[in-house]
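Novice: First, the structure itself, so that you have it in front of you.
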Amino acid sequence: MTKDLARNERIKEASAYLRGTLAEGLTDVATGAISEDDQQLVKFHGMYLQDDRDLRAERTKKKLEKAFSFMIRLRIPGGICSPAQWLQMDRIARDYANETLRLTTRQTFQFHGVIKNNLKTTMKAIDAALLDTLAACGDVNRNVLASSNPHRSRAHHAAHELAKAISDRLLPRTPAYREIWLDGERIAGGEEEVTEPVYGRTYLPRKFKTVVAVPPDNDVDIFAQDLGFIAILDRKGALKGWNVTVGGGMGMTHGEPDTYPRTADVLGFCKPQDAIAVAEAIVTVQRDWGDRTNRKHARLKYTIEDRGLAAFRAEVERRIGYPLREPQPFSFDSNGDRYGWVEAENGRAHLTLFIENGRVRDIPGGPSLMTGLRRIAEIHDGEFRLTANQNVIVADVTPDRRNAIEALVAEHGLTSEATALRRNAMACVALPTCGLALAESERYLPSLVTALEERLAVHGLAEDEITIRMTGCPNGCARPYIAEIGLVGKGPGRYNLYLGGAFDGSRLSKLYAEDLEHDSIVATLDPVFRAYAKERRANERFGDFLIRAQWIARTENGRDFHANTGPLKPAKAAEKAAS
Ligand code: SRM
Ligand code: SF4
């Protein structure tokens with residue numbers, strides 16, 4: 001018996017290549033929202049309908065429509081933008097959004113709070129900066145990330161070029177974007193192979209995410225992504241080719257063990273000139289093999305689990321017409337950013353700034369990050385690189401501007417110097433804008449970090465680098481299941497605690513304790529910190545220690561994620577804690 005297609009499949013099919021009734025919906029002044037079907041389609045154009053959840057209860061009481069507005073996400077392959085583009089984003093945020101810029105975990109900007117009436121003006125302003133939002137969300141290949149830590153300029157240049165080329169190759173071709181947002185003329189829907197040669201009428205079964213990494217930095221968290229390319233360099237630093245990874249993903253649903261995060265597998269190695277064809281083949285296999293009946297089972301990670309890696313590789317090889325080579329050795333040492341100044345190979349320098357949870361704003365009486373970065377953009381003649389850890393690099397600084405930039409950094413409370421836990425912390429947006437949030441994240445993690453740092457200091461661990469990530473629900477937008485400490489919202493003020501991920505982002509964690517509130521998070525972690533301080537081996541990372549010392553079982557891969565959860569040998573652990 002064939003299963004019914006998911007509702008979104010019918011919406012895509014009937015949308016005339018992502019047009020739906022979006023153009024008409026924008027002119028309906030009776031509501032700040034758009035129709036339910038259009039809410040799905042508008043994602044492909046880079047937007048989400050949201051409402052201010054802080055105001056929801058009060059507005060419902062007053063029988064008012066929810067406080068609707070849109071989140072807009074840009075597509076910026078490799079996260080690189082010019083100072084002029086930064087200035088335009090800053091202007092848009094102040095004129096049409098909530099006066100903040102949100103740097104995301106996928107190297108781009110988000111605007112929050114754009115009302116329907118301002119959507120087209122905002123989209124035109126984005127276009128005027130030669131940027132777009134097409135395919136930033138939706139069931140397509142999304143913004144392609146590239147390693148941004150600027151230590152090896154040549155390899156990073158190749159990574160960025162590949163990210164851009166893949167993004168361009170896999171971009172939807174529909175004219176709907178131009179028609180609806182930029183007042184382009186309506187072009188009649190053509191034949192599928194003309195209009196969408198890669199995707200066809202129904203695009204992909206689900207979102208698809210691609211990254212390019214340059215070892216030893218895993219700053220793009222390659223193991224959390226559907227498709228990845230790992231740069232393999234020769235001894236002189238020239239690019240030999242790419243290892244290809246497939247099948248990573250974070251999203252799951254509480255209480256549904258058939259959903260789970262998964263770390264990607266290495267599929268093989270390809271030559272530099274073959275990477276785009278390989279990417280396209282992988283996307284089309286997922287287009288044809290992915291589950292279009294159940295959106296919770298539609299990501300590439302489930303296709304690979306169900307069909308097996310060997311069968312998947314064989315089909316990719318059939319489509320490219322030759323076998324992939326054996327993967328080449330590689331090693332990562334961290335999935336974070338390297339803060340501060342770095343001298344580049346070309347005589348210029350790069351400054352990585354710490355932006356707590358990616359929120360760029362001015363705080364009355366406090367740091368003025370938004371103004372500071374605007375003033376830097378006004379004098380900077382290099383570029384800005386957004387990182388996949390929600391930070392920003394002021395890149396390619398010429399020697400004559402360095403002092404002036406340093407002065408602006410100091411004047412506006414910008415910094416590269418957070419404490420060890422904080423600089424390895426990341427939170428998703430969650431409340432008040434995210435419609436799926438079960439608990440706070442961005443607004444709460446900073447104070448939790450402060451509380452945990454007090455305990456770490458007591459145990460002499462204040463300088464130790466430990467990754468900690470929080471999300472307001474199990475979807476995993478800050479990639480919490482590959483952090484050493486992961487906290488995932490369960491309900492208001494309550495979190496599940498995951499432990500045992502690897503510092504380089506290569507291993508999944510495991511559920512250690514459920515439904516913890518602030519005090520119990522701190523109390524649960526305190527004995528673990530104490531044991532780590534006393535019993536760790538030289539250079540042993542926190543996540544590795546927890547597995548070796550049997551605080552938590554090791555998660556081998558996705559299907560194993562929900563097995564053997566909770567403190568391992570709890571009696572032994574308690575005994576250790578007491579001693
Ligand atoms: Fe995400 C949905 C924010 C990176 C997995 N994500 C959402 C939405 C759009 C909520 C919604 O569907 O209504 C969130 C909007 C919140 C808001 O108010 O802004 C949202 N995701 C984010 C961002 C902004 C988090 C951040 O703090 O930076 C990140 C934007 C990235 C970008 O620029 O494209 C973001 N989301 C991620 C990542 C991390 C990554 O890709 O490296 C993941 C985990 C990796 C993965 O995809 O498996 C992620 N987001 C999800 C999921 C779960 C997908 C799944 O397979 O189950 C959802 C929900 C869904 O798709 O149904 C989701
Ligand atoms: Fe929203 Fe959940 Fe993503 Fe956080 S993890 S931004 S709460 S969807």
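Novice: Kindly write out, for the range 419-429 in residue order, the coupling ³J(HN,Hα) from the Karplus curve 6.51 cos²θ - 1.76 cosθ + 1.60 (θ = phi - 60°), rounded to whole Hz, with x marking Gly and Pro.
Specialist: Computed from phi, the couplings for the range 419-429 are 5, 4, 5, 5, 6, 10, 10, 8, 10, 6, 5 Hz.
Novice: Let me ask you something else. Using a 1.4 angstrom probe on heavy atoms only, work out the carbon and sulfur share of the accessible area of the range 55-112 in %.
Specialist: The computed percentage sits at 50.
Novice: A follow-up question, please. Amide H neighbours of L386 under 5 Å, at least 5 residues apart or on other chains, H built in the peptide plane: list them.
Specialist: So L386 has HN proximity to I80, C81, I393.
Novice: While we're on this one: Taking amide H positions as placed 1.01 Å from N in the peptide plane, with prolines and chain starts having none, which residues 5 or more places from A513, or on another chain, fall under 5 Å of its amide H?
Specialist: L497
Novice: What figure in square angstrom, to the nearest 10, would you give for the accessible area of L408 with a 1.4 Å probe?
Specialist: About 20 Å², rounded to the nearest 10.
Novice: Around L267, which amide H atoms from residues at least 5 apart in sequence, or from another chain, sit under 5 Å from its own amide H, with H modelled in the peptide plane?
Specialist: V244, T245, V246
Novice: Per DSSP H run of at least 4 residues, take -39500 (n - 2.57); add these up for the chain, divide by its residues and hand me the 222 nm value, nearest 500 deg cm²/dmol.
Specialist: It lands at -9500 deg cm²/dmol.
Novice: Could you go through the range 200-213 in sequence order and give the Karplus-derived ³J(HN,Hα) for each residue, using 6.51 cos²θ - 1.76 cosθ + 1.60 with θ = phi - 60°, rounded to whole Hz, and x for Gly and Pro?
Specialist: Result, ordered by residue: x, 5, 10, 6, 9, x, 6, 3, 9, 10, 10, 9, 10, 10 Hz.
Novice: Here's another thing I want to ask about it. When the chain is fully extended, how far beyond the present Cα-Cα distance does A310 get from E417, taking 0.36 nm per residue of separation?
Specialist: On the way: separation 107, 0.36 × 107 = 38.52 nm, distance 4.56 nm.
Result for the pair: 34.0 nm of gain on full extension.
Novice: Ignoring GluC sites (Glu not before Pro) that are buried or in helix or strand per DSSP, and keeping those with at most 16 other beta carbon atoms within 10 Å, what is the longest stretch of the chain between them?
Specialist: In the chain, the maximal stretch lacking such sites is 192-344.
Novice: With every protein chain left in place, what is the accessible area of D288 in Å² (1.4 Å probe, nearest 10)?
Specialist: Approximately 80 Å² of D288 is accessible to the 1.4 Å probe.
Novice: In whole Å, how far is the Cα centre of the range 332-398 from that of the range 1-28?
Specialist: The distance from the Cα centre of the range 332-398 to that of the range 1-28 comes to 40 Å.
Novice: Another question, if that's okay. Once phi is turned into θ = phi - 60°, what whole-Hz ³J(HN,Hα) does the Karplus curve with 6.51, -1.76 and 1.60 give for every residue of the range 358-364, x standing for Gly and Pro?
Specialist: Those phi angles translate into x, 8, 9, 7, 9, 9, x Hz.
Novice: Between A533 and R10, how many nm apart are label points set 7 Å from Cα along the C-beta direction?
Specialist: With each label point 7 Å from Cα toward Cβ, the separation is 6.0 nm.
Novice: When the solvent-accessible surface of protein heavy atoms is calculated with a 1.4 angstrom probe, in what order do R469, R375 fall, highest first?
Specialist: R375, R469
The values are calculated or read from the model by the stated rules, or taken from the named source; none is laboratory data. As the structure is a prediction and not an experimental result, all values here were calculated from the model. Note that each Cβ is placed from the backbone with ideal geometry, even for glycine, and that neighbours are counted across all protein chains shown. Calculation scope for accessible area: heavy atoms of the full protein, side chains included, ligands and nucleic acids excluded. Shrake-Rupley method; radii C 1.70, N 1.55, O 1.52, S 1.80 Å.
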